[in-house]
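Here the structure comes first, spelled out in structure tokens, and everything after it is commentary.
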Amino acid sequence: MTLRNDHDVLIIGSGAAGLTAAIRLAETKRVLVLAKGEISGGSTSWAQGGIAAVLEPGDTFDSHIQDTMVAGAGLNRRETVEFVVENAPAEIDSLIKMGVPFNREADDDLHLTREGGHSHRRIVHVDDATGWAVQEALQRTAAANPNITMLPDMVAIDLISGRHVAGDKGEAGRIWGAYALNRVTGEVETVTARATILATGGAGRTYLFSTSPRGATGDGIAMAWRAGARISNMEFMQFHPTCLYNLEVKNFLITEAVRGEGGHLLIPAKEKGERGYRFMGDFDERMELAPRDVVARAIDHEIKRLGLDYVHLDISHQEPEFVKGHFPTIYAKLMGLGIDITREPIPVVPAQHYTCGGVLIDLNGRTDLKGLYAAGEVSESGLHGANRLASNSLLECFVFGGAAAQDILDSWNELDAPPNINPWDESRVTDSDEEVVVQHNWREIRRFMWDYVGIVRTTKRLERAQHRVELLQQEVDEYYGNFRVTMDLIELRNLIEVASLIVRSALTRTESRGLHYTSDYPERADRARDTVLVPRVRD
Ligand code: FAD
Ligand code: SIN
């Protein structure tokens with residue numbers, strides 16, 4: 001029974017949020033960073049478009065704030081938006097110092113691209129593979145710091161709270177670390193720390209089609225909820241308008257920057273070689289550069305209306321060198337699939353892309369639970385409101401990873417050392433002989449969430465989803481109580497928890513706002529309110 005108690009701070013998650021926090025803390029604290037697979041396995045590595053920041057004369061903080069709030073449909077918390085937008089230039093500076101090779105113009109100024117909902121060019125990027133460059137730089141910096149230990153293949157299962165304290169029950173609402181499955185040894189380890197940061201990313205894999213990597217199963221949201229933290233705005237699931245439609249490659253994103261650099265959305269032409277109908281003008285005067293909820297709903301509408309499998313995204317009217325120069329990763333990937341994007345359009349469909357809701361935090365990254373912080377996609381900071389503006393999320397990871405770290409350093413004397421914690425109890429479980437149950441339920445959740453809780457919702461479909469969630473929750477709870485944990489089972493338990501939070505939140509919102517669109521309540525209510533779910537237990 002391994003007890004890991006030799007670090008000051010535990011960070012669950014090794015993407016942009018987790019590693020930013022680790023690097024800031026490691027100036028004085030010993031930090032343990034867990035990842036459930038490879039250290040580079042989160043969404044950060046997959047980010048294409050870039051990072052939004054006001055960096056050009058003529059652009060202003062006010063304008064970035066305004067664009068963020070317009071996309072967020074009145075639900076953003078203004079102080080959070082100001083905090084993030086005003087810190088953006090410093091965060092970009094710090095990434096440059098870490099060695100992120102952002103694209104530059106001939107005069108050495110940063111090259112800024114444009115994305116939907118932004119009224120200026122303000123996206124810094126590294127070609128069309130920004131996330132990979134950022135992840136590499138953060139990992140390199142973290143690896144060089146002796147105060148940081150990064151452990152891959154460690155799956156956090158549950159947070160350690162008052163009820164896990166040995167002997168008398170410990171302080172209610174205090175978090176001391178987490179139990180984690182070591183995938184190499186198969187053992188559940190007890191990992192304790194004075195402070196814990198959740199940086200576990202989003203919950204995209206609740207949906208059948210998603211641009212997120214395999215591990216985006218909402219683990220942090222589910223763990224925080226079970227431990228007693230409030231979760232908010234889970235109905236706001238962002239669907240990216242342009243995921244590649246390909247029967248073999250299921251989750252390859254075609255960056256919004258393709259539209260930013262002039263790409264058109266077309267109804268596929270009847271004859272090969274003819275140009276299709278450019279339909280976005282029928283939906284929004286901003287055409288392809290309308291915010292993504294508008295574009296995704298328009299594509300969904302056209303696909304359903306015309307019975308299409310996909311629509312086309314076409315950038316072939318631009319010079320081939322321009323296309324290859326701006327989108328080398330996409331060009332190479334699609335060439336490998338037989339599509340030459342300099343000559344022909346790309347078949348695209350919307351897919352789940354980003355989780356706007358999450359664990360409720362304040363400006364210091366604090367959750368409701370003492371010693372527990374959250375940063376990045378796992379959290380709901382008030383930045384995105386009802387819809388995230390493109391390229392604001394990596395930025396949120398840097399700003400809140402840093403804010404959480406700073407708050408831990410500032411309040412160190414209030415964070416007492418962990419007491420004795422009971423080890424993980426496996427005395428009543430056996431190895432599963434019915435893996436099929438886990439695999440089946442994974443598929444079932446993702447399918448009904450896609451069909452019933454997707455881009456356009458109705459109360460009836462949401463109620464159907466709720467009924468299925470309840471049945472599956474009983475089944476998974478029973479299974480979880482009887483069998484030894486595996487990564488698939490841990491994730492399944494979290495997926496169903498998160499699906500339940502999404503459906504409950506969506507049923508609560510009797511209006512259409514931002515990413516939540518329901519045909520039963522198509523209008524926006526006069527007053528903007530967050531959906532805040534409050535757990536029954538806090539231990
Ligand atoms: P992630 O980078 O997702 O990292 C999560 C970490 O948590 C991983 O290390 C994972 O192993 C770990 N983890 C999860 N659960 C557990 C557990 N139970 N135990 C232990 N570890 C766990 N945003 C932008 O701003 N600009 C873009 O251009 C952009 N492009 C995108 C393109 C794609 C294809 C995708 C999917 C997203 C994109 N986004 C973009 C969104 C952005 O990438 C993410 O919001 C952001 O990277 C999230 O970072 P994070 O640190 O919160 O989590
Ligand atoms: C993209 O490159 O289109 C994704 C940008 C984002 O999700 O912010």
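The values are calculated or read from the model by the stated rules, or taken from the named source; none is laboratory data. What you are looking at is a predicted structure, and each value in this text was computed from that prediction instead of being measured. Positions of Cβ are generated from backbone atoms using ideal geometry, with glycine treated the same way; all protein chains shown enter the neighbour counts.
The table that follows gives values for the structure above.
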| read-out | value |
| --- | --- |
| Residue check, A405 surrounded by 17 or more Cβ atoms within 10 Å (Cβ to Cβ) and either touching a Lys or Arg at 6+ places or on another chain (Cβ under 8 Å) or part of a loop (DSSP other than H, G, I, E, B) (or both) | yes |
| Matching residues, region 373-384, being touching a helix residue (DSSP H, G or I) at 6+ places or on another chain (Cβ under 7 Å) and either of a type in the set (S, T, Y) or more than 10 Å from ligand 1 (Cβ to nearest atom) (or both) | Y373, S379, S381, G382, L383 |
| Residue ID - surrounded by the fewest Cβ atoms within 10 Å (Cβ to Cβ), chosen from residues in region 477-497 that are within 16 Å of ligand 1 (Cβ to nearest atom) and among the hydrophobic types (A, V, I, L, M, F, W, C) | M487 |
| Pick from region 318-335, criterion touching a residue at least 12 places away in the same chain (Cβ under 8 Å) and in a loop (DSSP other than H, G, I, E, B), ranking: nearest to G50 (Cα to Cα) | F327 |
| Counted residues, region 336-381 - those being more than 14 Å from the chain's Cα centre (by Cα) and closer than 15 Å to A404 by Cβ | 14 |
| Breaking point among (1) within 21 Å of L19 (Cβ to Cβ); (2) part of a loop (DSSP other than H, G, I, E, B), for V184 | (1) |
| Cross-chain or 6+ apart pairs with Cβ under 7 Å, region 14-29 first and part of a helix (DSSP H, G or I), then among the hydroxyl-bearing types (S, T, Y) | A16/T44; I23/T141 |
| Condition check for A137: in a helix (DSSP H, G or I), buried (at least 21 other Cβ atoms within 10 Å of the Cβ) and among the hydrophobic types (A, V, I, L, M, F, W, C) | no |
| Within region 80-112, considering residues that are of a type in the set (A, V, I, L, M) and outside any helix (DSSP H, G or I), the one surrounded by the fewest Cβ atoms within 10 Å (Cβ to Cβ) | A106 |
| Leading residue by the ranking (nearest to ligand 2 (Cβ to nearest atom)) among those in region 207-263 that are among the hydrophobic types (A, V, I, L, M, F, W, C) and within 13 Å of the chain's Cα centre (by Cα) | F239 |
| Selection count, region 155-187, where residues are of a type outside the set (K, R), out of contact with any helix residue (DSSP H, G or I) (no Cβ under 9 Å at 6 or more places or on another chain) and surrounded by fewer than 22 Cβ atoms within 10 Å (Cβ to Cβ) | 10 |
| Residues of region 336-380 satisfying the condition of being among the small types (G, A, S) and part of a helix (DSSP H, G or I) | G336, G376 |
| Residue list for region 187-202, filter: of a type outside the set (D, E, K, R) and either free of Cβ contacts under 8 Å to residues at least 40 places away in the same chain or part of a strand (DSSP E or B) (or both) | V188, T190, V191, T192, A195, T196, I197, L198 |
| Candidates R493, R468, R464, filtered to the one that is modelled with pLDDT of 95 or more, in a helix (DSSP H, G or I) and closer than 20 Å to G358 by Cβ | R493 |
| Within region 264-293, considering residues that are of a type in the set (A, V, I, L, M) and under 22 Å from F322 (Cα atoms), the one farthest from the chain's Cα centre (by Cα) | L266 |
| Answer residue from region 18-63, given it is within 20 Å of R114 (Cα to Cα) and small (G, A, S) and is farthest from ligand 1 (Cβ to nearest atom) among those | G58 |
| Unmet criterion (only one of (1) touching a helix residue (DSSP H, G or I) at 6+ places or on another chain (Cβ under 7 Å); (2) crowded, with 19+ Cβ neighbours inside 10 Å; (3) in a helix (DSSP H, G or I)) for G116 | (3) |
| Residue match in region 408-418 (condition: within 16 Å of ligand 1 (Cβ to nearest atom), surrounded by 15 or more Cβ atoms within 10 Å (Cβ to Cβ) and part of a helix (DSSP H, G or I)) | no |
